[in-house]
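Here is the structure we will look at, set down as structure tokens.
Each value in this text was obtained by applying a stated rule to the coordinates, not by laboratory testing. Keep in mind that this is a model prediction, so the values were computed, not measured. All Cβ positions, glycine included, derive from the backbone under ideal geometry; neighbour counts span all protein chains shown.
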Ligand code: ATP
């Protein structure tokens, strides 16, 4: 059987433990050996005890745990070829020739780069005298399979990333808590939620909680948004609303890419509308806590599919990323999904917001 490593990398997201559990158990059930790489790519570079064989019972109960129990990190060494050479040698040491990575687009980009470079890394291990040609014969190819772990739901090509619904649920619960006190004092609250390039969390939280105004990076408010927002909120108050909720994505900006911060919105609401206004930055509560049922299910089904993708791979297979499209778990070319994701970010940077929105919508039209 194959020897399969599982890594969680980049920002943690609820459901990563369900991924590790599913990969470990599906690997064992398929006659393979499973390894967990601790602390993201740093564990690949450090090797030794950071890459551990996992038994069936080692992941018992993991599906309901938040965060990632095998740790995650941002790893500078893996950005350099020399770090990836050390990582390759460590994998050879453990006999691992397939990696399943759960992370964001940065982690998945790094993983595919590692795969593309692998044959030349093997050559370098031979030419530098670290390994012999015979030793490396079984390691001519590295299989990579990606799983998208991110609370932002920012990857093109999949309807949901692992963690996004847990985070959305946490945001909605938090806004419900704020609603009660806002209503009591007739206050306005400006709530900052995570999402640097992707407004999915802000938008869906706004829809779910009935926010008065939402700011997302893909579709910035109009040129005179200050007056527009204030007049909408005044109107809502005139209709008898006792509370005001404005949701601002972390990466929100106007149509000229000037940042719109929660504090700016608060100042407007207190000065122009005369509301007693407070700012709440939800921060890392959005990332923590147990995964919701949907994320556990998504992570488990996708973890199983990732192991099947490893077993189906031939040396010619492109690296796949496991997606969910219209309730079906599917494999897509990893590089395609990343390229489309980066296109949307580029449209935002180029202030072509219509193209950015079309890029996001394309997922639903496919
Ligand atoms: P998040 O959604 O939280 O931003 P991410 O996976 O996109 O998650 P990054 O910090 O971009 O997070 O990437 C995580 C790690 O992946 C990096 O610290 C680095 O070790 C590796 N990595 C990212 N991009 C590359 C790359 N182009 N080449 C090699 N390694 C990379």
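What percent do you get for the relative contact order of the chain when only Cα pairs under 8 Å and 6+ apart count?
The value is 21 percent.
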* Which of the peptides 146-155, 29-38 is most tightly packed, and how do the rest follow, judged by the mean count of other Cβ atoms within 10 Å per residue? -> 146-155, 29-38
* Asked: Among 175-186, 252-263, 205-216, how do they line up from the highest to the lowest mean number of other beta-carbon atoms within 10 Å?
  -> 205-216, 252-263, 175-186
* Kindly express, to the nearest 10 degrees and within the range 0 to 90, the angle between helix 262-272's C-alpha long axis and the longest C-alpha principal axis of the chain. => 10 degrees
* To do: Using only Cα atoms, find the angle between the long axis of helix 334-349 and the longest principal axis of the chain, and express it within 0 to 90 degrees, rounded to the nearest 10.
  => 30 degrees
* Rounded to the nearest 0.05, what FRET efficiency is calculated for residue 181 and residue 234 with R0 set to 22 Å and r the Cβ-Cβ distance? -> 0.50
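For every helix of n ≥ 4 consecutive DSSP H residues, a contribution of -39,500 (n - 2.57) applies; sum these over the chain, divide by its total residues, and give [θ] at 222 nm rounded to the nearest 500 deg cm²/dmol. The partial results should precede the final answer.
Working: 12 runs with 167 residues, N = 366.
My calculation for the chain gives -14500 deg cm²/dmol from helical runs alone.
Length gain on complete extension for the stretch residue 355 to residue 76, per 0.36 nm per residue less the alpha carbon to alpha carbon distance? Mind dumping the intermediate values first?
Values: separation 279, 0.36 × 279 = 100.44 nm, distance 3.26 nm.
Separation in residues times 0.36 nm, less the Cα-Cα distance, equals 97.2 nm.
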* Specify the inter-centroid distance of segment 187-249 and segment 269-331, based on alpha-carbon positions, in whole Å. => 23 Å
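Applying a 10 Å radius around every beta-carbon, put 13-21, 243-251, 221-229, 118-126 in order of their mean neighbour count, most first. Walk me through the numbers before you get to the answer.
On the way: 13-21: 29.6, 243-251: 24.6, 221-229: 14.3, 118-126: 17.1.
Highest mean packing first, the order is 13-21, 243-251, 118-126, 221-229.
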* Could you work out how far helix 164-185 tilts from the main Cα principal axis of the chain, as a 0 to 90 degree angle to the nearest 10? => 20 degrees
* Express in whole angstrom the spacing between the alpha-carbon centres of segment 1-32 and segment 65-134. => 16 Å
